[in-house]
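J.: Just passing along the structure, written as structure tokens.
Since every read-out is calculated from the coordinates, none of them should be taken as a lab result. In this text, all values refer to a predicted model and were calculated from it rather than measured experimentally. We place every Cβ from the backbone using ideal geometry, glycine too, and count neighbours over all the protein chains shown.
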Amino acid sequence: MKKQLLLLGVAILLFTCGSSKETTPKTVDLPTPKMDVTEFAKTITSAELKEMLYLYASDAFEGRETGEAGHETAVNYIKDFYTSGNIAPLQENGNYFQDVKLNQLYTPKVGLKINGKPFSYFDDVVSLSASAEANINANEIVYVGYGIDHESYSDFNTLKVSGKVIIAKAGEPKNTDGTYVISGTTEKSKWSNGRQGRSAKRDAAKAKGAIALIFVDDTAFKSYSSFYKRRADSNTSIGLSLDDGKKETNEMLFMLANEATVNSINANLLDSETPKAISASITLNQKSNSKALVSKNVASVVKGSEFPDEYVIISAHSDHIGVNDNGEVNNGADDDGSGSMAVLELAEAFKIAADKGQRPKRSIIFLHVTGEEKGLLGSQYYTDIDPLVPLANTVANLNIDMIGRIDPKREGDRNYLYLIGSDKLSTELHNLSEEVNKKYTNIEFDYTYNDENDPNRFYYRSDHYNFAKNNIPIIFYFNGTHDDYHKVGDTPDKIEYDLLENRTRLVFYTAWELANRADRITVDKAEDNAAGN
């Protein structure tokens, strides 16, 4: 500015004193000196993260359950942060919120009779597909053993199940030496991994054309039936589903039953691993019970200078699991208060850079999605129903879900972070991630959960997956689970704020490099992207 004023003064002097042949020199905008990127990263501080997280994960936010008042408080807090920092909304209409249309599900009306014998809802069966409706009358049930369909083992090879009601049991087969058939080792596969196993067997049954799956797992049944009974007694929701404006006409019924129920149909049926058809009359009716609900994603942007229509999305989920049955608030400081506040600090750092003349070449979107705890609903709505920018223009997604604590397995070796998915779709992204870390943050990257055969299947369990399934390269940043995961003990006093600061700076540096490199990273492994969970 001083140089510009000096030039202006000289110009005035020449104009007033010089000859008519002389012209007025123009002022020149001198280029802003390039600042070291570390100066922007240093604006991400443990003190600010702590101050924000103590509020965001306080009882005042009531556990941030999707659809409840506490989550509304949370998304308004996020929006107010962006407005006060003059960080622009992504949508051209000036709205920071993206309405996510959901159905709030309540206990469905279910009737089940087999060979004329009625079975009791809650005591004998519960429905895991509360949004489905059906009216089934059949004279045959197909028992499919474990209900597994894998390249090395399938329970569907000998019998056709299209249009049939089928029964499957929990677990997976073993060899005579005690190893598991699918893994070939003593390690279980995804087919035995609790919710993951149930989902895999549900998907296999649906792919084979079954109209209903009765899944037998005593442990899971006790947990679900007890939970659903409490919710029914208090007339509260049992879950949420996306409302895409289309009525699902072929949704398969997915029922959970106890062993006694199934063995009463056919004695000792579950002792067998051999699929077979059972002659039995079955009547299975279900009518859904739901009401419309709107929750909110929050999206802001720092626009790029050279490639404004190419986007790096940094995401975290804004919701948690609310208040438990004892009235205790699940504060969710780590899950995912840590990620949510990290995204705010990242947005502020990029805005400061832009204000100082160092605007990123590509646009950076800061996306807070709802309903992650209900099945990745907010990110699915964004990718599958209403992308706010074209998915084809989305360079990468950096997803932050739990980065404030230490996995008990890593006690004494705290400077680590689990990375998942960096190499699934783009070799360039993985290499860039490694190089950035070595240059700036020196965190030990642990790829334990990146293994495709890892039974936890975390790659499919946070919001990045909805981008990955669309062949958008992703990195999932994760500190692992701990004893307070999904419990009231996940409080802000247990966050390791120095680690949270350094991990957040890592994401900043990675996003900075993605946004400012000459060419967008390429997808060279699209065919290797495993589908489904």
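J.: Taking other Cβ within 10 Å of each residue's Cβ, how do Y143, Y180 sort, fewest first?
T.: In increasing order of surrounding Cβ atoms, one gets Y180, Y143.
J.: What ³J(HN,Hα) values, in whole Hz, does the Karplus curve 6.51 cos²θ - 1.76 cosθ + 1.60 give for region 143-160 when θ = phi - 60°, with x put for Gly and Pro?
T.: 8, 10, x, 7, x, 9, 10, 9, 4, 9, 6, 9, 8, 10, 6, 9, 10, 7
J.: Still on this structure, I have one more. Projected area of region 111-261, taken from the Cα convex hull and averaged over every viewing direction, in nm²?
T.: 10.4
J.: Turning to a different aspect of this structure: Only loop residues by DSSP count here, and only those with at most 13 other Cβ atoms within 10 Å; note down the GluC sites (Glu not before Pro) in region 124-231 that meet that. Before the final figure, lay out each step's value.
T.: Working: sites: E133, E140, E151, E187; in loops: E133, E151, E187.
Here the GluC sites (Glu not before Pro) that fit, given the DSSP loop and packing criteria, are E151, E187.
J.: Using Cα-Cα distances under 8 Å and only pairs 6 or more residues apart, what relative contact order does region 104-291 have, in percent?
T.: Values: 371 pairs, mean separation 83.9, N = 188.
Rounded, it is 45 percent for region 104-291.
J.: Defining a contact as two alpha carbons under 8 Å apart and six or more residues distant in sequence, what relative contact order in percent does the chain show? Please list the in-between numbers first.
T.: On the way: 1084 pairs, mean separation 107.1, N = 533.
In percent, rounded to a whole number, it is 20.
J.: While we're on this one: Expressed in nm to one decimal, what extension gain is obtained for the pair A518 and E444 from 0.36 nm per residue of sequence separation less their Cα-Cα distance? Spell out each step's value before the answer.
T.: Working: separation 74, 0.36 × 74 = 26.64 nm, distance 2.77 nm.
Gain on stretching A518 to E444: 23.9 nm.
J.: Now for a separate question. Using a simple charge model, +1 on the beta-carbon of Lys and Arg, -1 on the beta-carbon of Asp and Glu, nothing else, what dipole does region 104-291 show about its Cα centre, in debye to the nearest 20?
T.: In debye, rounded to 20, region 104-291 gives about 520.
J.: Remind me, relative contact order of region 403-533 in percent, using alpha carbon pairs under 8 angstrom and six or more residues apart?
T.: On the way: 164 pairs, mean separation 55.6, N = 131.
Answer for region 403-533 is 42 percent.
J.: Based on Cα coordinates alone, diagonalise the gyration tensor for the chain, multiply each eigenvalue by 5, take square roots, and list the semi-axes in whole Å, largest first. Provide the component values of the computation, followed by the final result.
T.: Details: eigenvalues 544, 114, 96 Å².
Calculated on Cα positions only, the semi-axes equal 52, 24, 22 Å.
J.: Turning to a different aspect of this structure: For T274, T45, T441, what ranking results if the residue with the fewest other Cβ atoms within 10 Å of its Cβ goes first? All intermediate terms of the calculation are to be shown ahead of the outcome.
T.: On the way: T274 9, T45 14, T441 19.
Listed from fewest to most nearby Cβ atoms, that is T274, T45, T441.
J.: How long is the gain from N135 to D413 if the chain were fully straight, where each residue apart is worth 0.36 nm and the alpha carbon distance is subtracted?
T.: Numbers: separation 278, 0.36 × 278 = 100.08 nm, distance 5.64 nm.
Going from the current span to full extension adds 94.4 nm.
J.: If you rank I364, I136 by fewest surrounding Cβ atoms within 10 Å, what's the result? Show your work: numbers first, answer last.
T.: On the way: I364 28, I136 16.
In order of increasing Cβ crowding within 10 Å: I136, I364.
J.: Of the beta bridges DSSP finds with both residues in the chain, what % are antiparallel, to the nearest 5?
T.: Details: 49 of 84 bridges.
If I count the DSSP bridges inside the chain, around 60 percent turn out antiparallel.
J.: Under a no-solvent Debye model with one identical scatterer per Cα of region 375-533, what's log10 I(q)/I(0) at q = 0.12, 0.15, 0.17 Å⁻¹?
T.: -0.53, -0.84, -1.07
J.: Would you work out the charge dipole size for region 123-197 about its Cα centre, treating the Cβ of every Lys and Arg as +1 and the Cβ of every Asp and Glu as -1, and quote it to the nearest 20 debye?
T.: Around 100 debye, computed over region 123-197.
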